[in-house]
Amino acid sequence: MNIVVTEDLTKIYHTGMKKGGVTALDGVSIAIEQPEIFGLLGPNGAGKTTLFKTLLGVTQVTSGYATIAGLPPDNPVSRKRVGYLPENHRFPNHLTGQGLLELTGRMYSMSRSDINTRSKMLLNLVGMSRWSDARITKYSKGMQQRIGLAQALMPDPEILFLDEPTDGVDPVGKTEIRQVMMKIRDEGKSIILNSHLLSEVESVADRVAILSHGKLIKIGSVEELTTRESQYEIEAEFGNKLFDIPEEVGKKISLAMDRLVVQLTDEKKINWIIDQLRLKKIEIRSVKPIKITLEQSFIETLGDKKAGQI
Ligand SMILES: Nc1ncnc2c1ncn2[C@@H]1O[C@H](COP(=O)(O)OP(=O)(O)OP(=O)(O)O)[C@@H](O)[C@H]1O
Ligand SMILES: [Mg+2]
(Lines give C-alpha, C1' and ligand atoms only; values in the text may rest on other atoms or scores of the structure.)
(Ligands and ions follow the chains in the order given, each with its own letter.)
Protein backbone atom coordinates (compact mmCIF):
# COMPACT_ATOMS: atom_id res chain seq x y z
CA MET A 1 0.00 0.00 0.00
CA ASN A 2 1.19 3.54 -0.73
CA ILE A 3 0.75 5.81 2.26
CA VAL A 4 1.97 8.88 0.36
CA VAL A 5 1.52 9.55 -3.35
CA THR A 6 2.53 12.60 -5.33
CA GLU A 7 1.70 12.97 -8.98
CA ASP A 8 3.38 15.57 -11.16
CA LEU A 9 3.66 17.86 -8.14
CA THR A 10 4.73 21.40 -9.01
CA LYS A 11 5.19 24.35 -6.68
CA ILE A 12 6.10 27.80 -7.87
CA TYR A 13 6.69 30.54 -5.26
CA HIS A 14 5.74 33.98 -6.51
CA THR A 15 7.62 36.53 -4.44
CA GLY A 16 8.10 39.28 -6.99
CA MET A 17 11.88 38.82 -6.66
CA LYS A 18 12.17 36.68 -9.79
CA LYS A 19 10.09 36.99 -12.96
CA GLY A 20 7.91 33.91 -13.33
CA GLY A 21 8.58 32.91 -9.70
CA VAL A 22 10.84 30.24 -8.16
CA THR A 23 10.08 26.66 -9.16
CA ALA A 24 10.68 24.75 -5.91
CA LEU A 25 9.06 21.48 -7.10
CA ASP A 26 8.94 20.54 -10.76
CA GLY A 27 6.71 17.59 -11.71
CA VAL A 28 7.61 15.32 -8.77
CA SER A 29 5.92 11.88 -8.78
CA ILE A 30 6.70 9.51 -5.92
CA ALA A 31 4.92 6.77 -3.99
CA ILE A 32 5.94 5.91 -0.41
CA GLU A 33 5.22 2.37 0.65
CA GLN A 34 4.12 1.18 4.06
CA PRO A 35 6.26 0.28 5.89
CA GLU A 36 9.49 1.82 4.71
CA ILE A 37 12.13 4.39 5.60
CA PHE A 38 12.41 6.75 2.67
CA GLY A 39 15.41 9.08 2.47
CA LEU A 40 14.88 12.42 0.77
CA LEU A 41 18.17 13.84 -0.46
CA GLY A 42 19.19 16.92 -2.35
CA PRO A 43 21.51 19.91 -2.14
CA ASN A 44 20.41 23.17 -0.48
CA GLY A 45 17.43 24.67 -2.26
CA ALA A 46 16.52 21.38 -4.00
CA GLY A 47 12.93 21.49 -2.72
CA LYS A 48 13.01 19.00 0.20
CA THR A 49 11.35 21.27 2.77
CA THR A 50 8.82 22.43 0.18
CA LEU A 51 7.89 18.79 -0.46
CA PHE A 52 7.52 18.25 3.32
CA LYS A 53 5.34 21.37 3.64
CA THR A 54 3.15 20.23 0.74
CA LEU A 55 2.67 16.79 2.29
CA LEU A 56 1.93 18.35 5.68
CA GLY A 57 -0.80 20.40 4.02
CA VAL A 58 0.69 23.78 4.95
CA THR A 59 1.63 24.82 1.40
CA GLN A 60 -0.73 24.84 -1.55
CA VAL A 61 0.55 23.19 -4.71
CA THR A 62 0.64 25.03 -8.04
CA SER A 63 -0.29 21.93 -10.05
CA GLY A 64 -0.38 18.15 -9.69
CA TYR A 65 -1.55 16.51 -6.47
CA ALA A 66 -0.49 14.71 -3.30
CA THR A 67 -2.37 12.26 -1.09
CA ILE A 68 -1.81 10.84 2.41
CA ALA A 69 -3.59 7.51 2.82
CA GLY A 70 -5.70 8.41 -0.23
CA LEU A 71 -6.81 11.84 1.08
CA PRO A 72 -5.58 15.38 0.34
CA PRO A 73 -2.85 16.42 2.84
CA ASP A 74 -4.92 19.31 4.28
CA ASN A 75 -7.84 16.99 5.09
CA PRO A 76 -8.25 16.77 8.94
CA VAL A 77 -8.40 12.94 8.75
CA SER A 78 -5.13 12.65 6.81
CA ARG A 79 -3.47 15.21 9.14
CA LYS A 80 -4.11 12.83 12.04
CA ARG A 81 -2.14 10.14 10.21
CA VAL A 82 0.97 12.29 10.09
CA GLY A 83 3.67 12.86 12.71
CA TYR A 84 6.27 15.60 12.26
CA LEU A 85 9.60 16.39 13.85
CA PRO A 86 10.74 19.76 12.48
CA GLU A 87 14.35 20.78 12.05
CA ASN A 88 15.81 22.89 14.92
CA HIS A 89 12.67 22.53 17.01
CA ARG A 90 12.38 24.22 20.41
CA PHE A 91 9.93 22.88 22.97
CA PRO A 92 8.64 25.15 25.77
CA ASN A 93 11.35 25.35 28.46
CA HIS A 94 9.08 24.81 31.45
CA LEU A 95 7.85 21.40 30.24
CA THR A 96 9.11 18.00 31.34
CA GLY A 97 9.31 15.16 28.82
CA GLN A 98 6.10 13.69 30.22
CA GLY A 99 4.47 17.15 30.19
CA LEU A 100 5.31 17.59 26.51
CA LEU A 101 3.68 14.27 25.61
CA GLU A 102 0.58 15.13 27.68
CA LEU A 103 0.27 18.52 25.98
CA THR A 104 0.61 16.90 22.55
CA GLY A 105 -2.00 14.28 23.43
CA ARG A 106 -4.44 17.01 24.54
CA MET A 107 -3.84 18.90 21.28
CA TYR A 108 -4.92 15.76 19.42
CA SER A 109 -8.03 15.47 21.70
CA MET A 110 -6.85 12.13 23.10
CA SER A 111 -8.51 10.78 26.24
CA ARG A 112 -6.61 10.92 29.57
CA SER A 113 -6.20 7.15 29.69
CA ASP A 114 -4.96 7.05 26.05
CA ILE A 115 -2.48 9.82 26.87
CA ASN A 116 -1.18 7.85 29.88
CA THR A 117 -0.79 4.53 28.09
CA ARG A 118 0.68 6.00 24.95
CA SER A 119 3.15 8.34 26.65
CA LYS A 120 4.41 5.48 28.85
CA MET A 121 4.88 3.22 25.81
CA LEU A 122 6.62 5.94 23.77
CA LEU A 123 8.96 7.02 26.59
CA ASN A 124 10.00 3.40 26.78
CA LEU A 125 10.38 3.14 22.97
CA VAL A 126 12.72 6.13 22.79
CA GLY A 127 14.58 5.12 25.97
CA MET A 128 13.49 8.21 27.95
CA SER A 129 11.40 6.69 30.79
CA ARG A 130 14.06 7.55 33.41
CA TRP A 131 14.11 11.23 32.48
CA SER A 132 10.38 11.75 31.88
CA ASP A 133 10.04 14.03 34.95
CA ALA A 134 13.09 16.15 34.18
CA ARG A 135 12.69 19.47 32.39
CA ILE A 136 13.46 19.48 28.65
CA THR A 137 16.01 22.31 29.22
CA LYS A 138 18.17 19.78 31.10
CA TYR A 139 18.15 17.31 28.20
CA SER A 140 21.13 16.76 25.92
CA LYS A 141 20.61 17.31 22.18
CA GLY A 142 20.20 13.55 21.67
CA MET A 143 17.58 13.35 24.44
CA GLN A 144 15.73 16.34 22.96
CA GLN A 145 15.59 14.61 19.60
CA ARG A 146 14.36 11.38 21.21
CA ILE A 147 11.59 13.16 23.13
CA GLY A 148 10.82 14.99 19.87
CA LEU A 149 10.36 11.63 18.17
CA ALA A 150 8.06 10.51 20.99
CA GLN A 151 5.86 13.63 20.65
CA ALA A 152 5.70 13.16 16.87
CA LEU A 153 4.49 9.60 17.52
CA MET A 154 1.81 10.58 20.10
CA PRO A 155 -1.15 10.54 17.65
CA ASP A 156 -0.03 7.06 16.45
CA PRO A 157 0.68 8.32 12.92
CA GLU A 158 1.11 6.03 9.96
CA ILE A 159 3.75 8.25 8.46
CA LEU A 160 6.44 10.24 10.21
CA PHE A 161 8.26 13.22 8.68
CA LEU A 162 11.70 13.71 10.19
CA ASP A 163 13.71 16.80 9.24
CA GLU A 164 17.40 16.33 10.16
CA PRO A 165 16.57 14.22 13.25
CA THR A 166 20.21 13.64 14.21
CA ASP A 167 21.54 17.13 13.54
CA GLY A 168 23.94 18.08 16.34
CA VAL A 169 23.58 14.70 18.05
CA ASP A 170 26.71 12.78 19.17
CA PRO A 171 27.53 9.35 17.64
CA VAL A 172 25.94 7.36 20.48
CA GLY A 173 22.78 9.48 20.29
CA LYS A 174 22.74 9.05 16.49
CA THR A 175 22.85 5.26 16.85
CA GLU A 176 19.99 5.36 19.38
CA ILE A 177 17.84 7.51 17.09
CA ARG A 178 18.60 5.19 14.18
CA GLN A 179 17.48 2.20 16.25
CA VAL A 180 14.23 3.98 17.19
CA MET A 181 13.59 4.72 13.47
CA MET A 182 14.05 1.05 12.63
CA LYS A 183 11.74 -0.03 15.48
CA ILE A 184 9.06 2.36 14.17
CA ARG A 185 9.44 0.89 10.67
CA ASP A 186 9.28 -2.65 12.07
CA GLU A 187 5.96 -1.72 13.71
CA GLY A 188 4.56 -1.13 10.21
CA LYS A 189 4.94 2.67 9.94
CA SER A 190 6.65 4.70 7.26
CA ILE A 191 9.23 7.44 7.73
CA ILE A 192 10.31 10.15 5.32
CA LEU A 193 13.75 11.21 6.42
CA ASN A 194 15.33 14.45 5.30
CA SER A 195 19.03 14.45 6.14
CA HIS A 196 22.33 15.74 4.82
CA LEU A 197 24.15 12.89 6.60
CA LEU A 198 24.32 10.46 3.74
CA SER A 199 26.14 7.69 5.62
CA GLU A 200 23.31 7.70 8.10
CA VAL A 201 20.63 7.61 5.40
CA GLU A 202 22.54 4.73 3.80
CA SER A 203 22.48 2.72 7.02
CA VAL A 204 18.82 3.25 7.83
CA ALA A 205 16.80 3.90 4.65
CA ASP A 206 15.12 1.31 2.44
CA ARG A 207 14.76 3.64 -0.54
CA VAL A 208 16.12 7.01 -1.47
CA ALA A 209 15.09 9.86 -3.77
CA ILE A 210 17.42 12.59 -4.99
CA LEU A 211 15.94 16.00 -5.75
CA SER A 212 17.78 18.71 -7.65
CA HIS A 213 16.31 22.08 -8.65
CA GLY A 214 12.87 20.76 -7.75
CA LYS A 215 13.13 17.72 -10.04
CA LEU A 216 13.29 14.09 -9.00
CA ILE A 217 16.51 12.97 -10.64
CA LYS A 218 16.92 9.53 -9.08
CA ILE A 219 14.84 7.10 -7.03
CA GLY A 220 15.66 3.56 -5.98
CA SER A 221 16.62 1.22 -3.18
CA VAL A 222 19.82 1.97 -1.26
CA GLU A 223 21.16 -1.27 -2.76
CA GLU A 224 20.49 -0.02 -6.32
CA LEU A 225 21.96 3.41 -5.71
CA THR A 226 25.11 2.04 -4.10
CA THR A 227 25.84 -0.48 -6.87
CA ARG A 228 27.67 0.86 -9.92
CA GLU A 229 25.66 -0.08 -12.96
CA SER A 230 27.24 -2.97 -14.91
CA GLN A 231 30.60 -2.69 -13.13
CA TYR A 232 32.15 -5.85 -11.72
CA GLU A 233 35.29 -6.88 -9.91
CA ILE A 234 36.57 -10.31 -10.86
CA GLU A 235 39.20 -12.00 -8.74
CA ALA A 236 40.87 -14.78 -10.72
CA GLU A 237 44.25 -16.37 -11.28
CA PHE A 238 45.19 -14.32 -14.35
CA GLY A 239 48.94 -14.73 -13.76
CA ASN A 240 50.43 -13.60 -17.08
CA LYS A 241 47.61 -14.96 -19.24
CA LEU A 242 46.18 -12.48 -21.72
CA PHE A 243 42.55 -11.57 -21.36
CA ASP A 244 40.96 -9.24 -23.88
CA ILE A 245 37.41 -7.93 -23.87
CA PRO A 246 35.71 -7.02 -27.18
CA GLU A 247 34.06 -3.60 -27.37
CA GLU A 248 30.54 -5.01 -27.57
CA VAL A 249 31.05 -6.73 -24.20
CA GLY A 250 32.65 -3.81 -22.38
CA LYS A 251 36.03 -2.52 -21.30
CA LYS A 252 38.69 -3.16 -18.71
CA ILE A 253 38.92 -0.44 -16.12
CA SER A 254 41.90 -1.97 -14.32
CA LEU A 255 43.77 -5.22 -13.85
CA ALA A 256 46.20 -5.53 -10.97
CA MET A 257 47.03 -8.17 -8.36
CA ASP A 258 44.72 -10.69 -10.09
CA ARG A 259 41.80 -8.26 -9.70
CA LEU A 260 40.05 -7.21 -12.88
CA VAL A 261 37.53 -4.36 -12.87
CA VAL A 262 35.26 -4.20 -15.91
CA GLN A 263 32.59 -1.89 -17.22
CA LEU A 264 30.14 -4.00 -19.21
CA THR A 265 27.85 -2.73 -21.96
CA ASP A 266 25.06 -4.72 -20.34
CA GLU A 267 24.61 -6.56 -17.02
CA LYS A 268 24.19 -9.94 -18.75
CA LYS A 269 27.62 -9.72 -20.41
CA ILE A 270 29.14 -10.94 -17.13
CA ASN A 271 28.25 -14.45 -18.39
CA TRP A 272 30.48 -13.93 -21.43
CA ILE A 273 33.38 -12.97 -19.14
CA ILE A 274 32.86 -16.04 -16.94
CA ASP A 275 32.61 -18.36 -19.98
CA GLN A 276 35.82 -16.91 -21.44
CA LEU A 277 37.71 -17.24 -18.18
CA ARG A 278 36.66 -20.90 -17.94
CA LEU A 279 37.64 -21.49 -21.58
CA LYS A 280 41.07 -20.04 -20.90
CA LYS A 281 41.31 -22.14 -17.73
CA ILE A 282 41.70 -19.07 -15.55
CA GLU A 283 40.42 -20.05 -12.13
CA ILE A 284 37.78 -17.65 -10.79
CA ARG A 285 37.86 -16.78 -7.07
CA SER A 286 35.00 -14.27 -6.94
CA VAL A 287 32.76 -12.06 -9.08
CA LYS A 288 31.24 -9.05 -7.32
CA PRO A 289 29.32 -5.96 -8.42
CA ILE A 290 31.23 -2.77 -7.56
CA LYS A 291 29.78 -1.05 -4.50
CA ILE A 292 29.99 2.66 -3.81
CA THR A 293 28.79 4.73 -0.87
CA LEU A 294 25.51 6.63 -1.04
CA GLU A 295 27.56 9.81 -0.78
CA GLN A 296 29.55 8.87 -3.91
CA SER A 297 26.33 7.93 -5.71
CA PHE A 298 24.76 11.28 -4.71
CA ILE A 299 27.76 13.29 -5.93
CA GLU A 300 27.97 11.31 -9.20
CA THR A 301 24.22 11.69 -9.81
CA LEU A 302 24.38 15.46 -9.30
CA GLY A 303 27.52 15.62 -11.45
CA ASP A 304 25.78 13.75 -14.29
CA LYS A 305 22.85 16.13 -13.97
CA LYS A 306 25.15 19.14 -14.36
CA ALA A 307 26.97 17.53 -17.31
CA GLY A 308 23.59 16.83 -18.93
CA GLN A 309 22.60 20.47 -18.61
CA ILE A 310 25.63 21.83 -20.46
N1 LIG B 1 8.40 30.67 1.18
C2 LIG B 1 9.18 30.77 0.10
N3 LIG B 1 9.08 31.82 -0.75
C4 LIG B 1 9.86 31.91 -1.85
N5 LIG B 1 10.77 31.00 -2.21
C6 LIG B 1 10.91 29.94 -1.43
C7 LIG B 1 10.14 29.76 -0.22
N8 LIG B 1 10.51 28.59 0.37
C9 LIG B 1 11.46 28.06 -0.42
N10 LIG B 1 11.71 28.86 -1.48
C11 LIG B 1 12.67 28.58 -2.59
O12 LIG B 1 12.35 27.31 -3.14
C13 LIG B 1 13.50 26.54 -3.43
C14 LIG B 1 13.47 25.24 -2.63
O15 LIG B 1 13.61 25.54 -1.26
P16 LIG B 1 13.50 24.43 -0.09
O17 LIG B 1 13.55 25.17 1.20
O18 LIG B 1 12.32 23.56 -0.35
O19 LIG B 1 14.86 23.61 -0.33
P20 LIG B 1 15.58 22.50 0.59
O21 LIG B 1 15.88 21.35 -0.32
O22 LIG B 1 14.75 22.24 1.79
O23 LIG B 1 16.94 23.22 0.98
P24 LIG B 1 17.85 23.06 2.33
O25 LIG B 1 18.66 21.83 2.16
O26 LIG B 1 18.70 24.30 2.28
O27 LIG B 1 16.93 23.05 3.52
C28 LIG B 1 14.68 27.44 -3.09
O29 LIG B 1 15.09 28.08 -4.26
C30 LIG B 1 14.10 28.44 -2.09
O31 LIG B 1 14.81 29.66 -2.13
MG1 LIG C 1 15.10 22.41 3.89
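Summary table
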read-out	value
Every pair of residues 6+ apart whose Cβ atoms lie under 9 Å, when the first sits in region 285-306 and is polar (S, T, N, Q) while the second is exposed (fewer than 15 other Cβ atoms within 10 Å of the Cβ) and in a strand (DSSP E or B)	none
So residue 233, is it within 16 Å of ligand 1 (Cβ to nearest atom) and either free of Cβ contacts under 8 Å to residues at least 60 places away in the same chain or of a type in the set (Lys, Arg) (or both)	no
Of all residues making up region 187-230, the number that are assigned to a loop (DSSP other than H, G, I, E, B) and not β-branched (Val, Ile, Thr)	10
Considering residues of region 66-89 that are charged (D, E, K, R) and free of Cβ contacts under 8 Å to residues at least 24 places away in the same chain only, the residue nearest to ligand 1 (Cβ to nearest atom)	74
Any chance residue 233 is surrounded by 12 or more Cβ atoms within 10 Å (Cβ to Cβ) and part of a strand (DSSP E or B)	yes
Residue match in region 76-85 (condition: part of a loop (DSSP other than H, G, I, E, B), within 13 Å of ligand 2 (Cβ to nearest atom) and assigned by TED's automatic domain parsing to the domain that holds residue 219)	no
Every residue from region 1-21 that is in contact with a Gly (Cβ under 9 Å, 6 or more places away or on another chain) and within 16 Å of ligand 1 (Cβ to nearest atom)	6, 9, 10, 11, 12, 13, 14, 15
Scope region 31-51; condition under 13 Å from the mean Cα position of the chain (by Cα) and within 13 Å of ligand 2 (Cβ to nearest atom); matching residues	40, 41, 42, 48
Some residue of region 57-65 being within 16 Å of ligand 2 (Cβ to nearest atom), farther than 17 Å from residue 190 by Cβ, in contact (Cβ under 8 Å) with a residue 24 or more places away in the chain and not in a helix (DSSP H, G or I)	yes
Residues being in contact with a Leu (Cβ under 8 Å, 6 or more places away or on another chain), surrounded by fewer than 19 Cβ atoms within 10 Å (Cβ to Cβ) and on the phi > 0 side of the Ramachandran plot - total across region 173-230	1
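The values are calculated or read from the model by the stated rules, or taken from the named source; none is laboratory data. Everything numeric in this text was worked out from a predicted model, so none of it was measured. Every residue, glycine among them, receives a Cβ derived from its backbone with ideal geometry; neighbour counts consider all protein chains shown.
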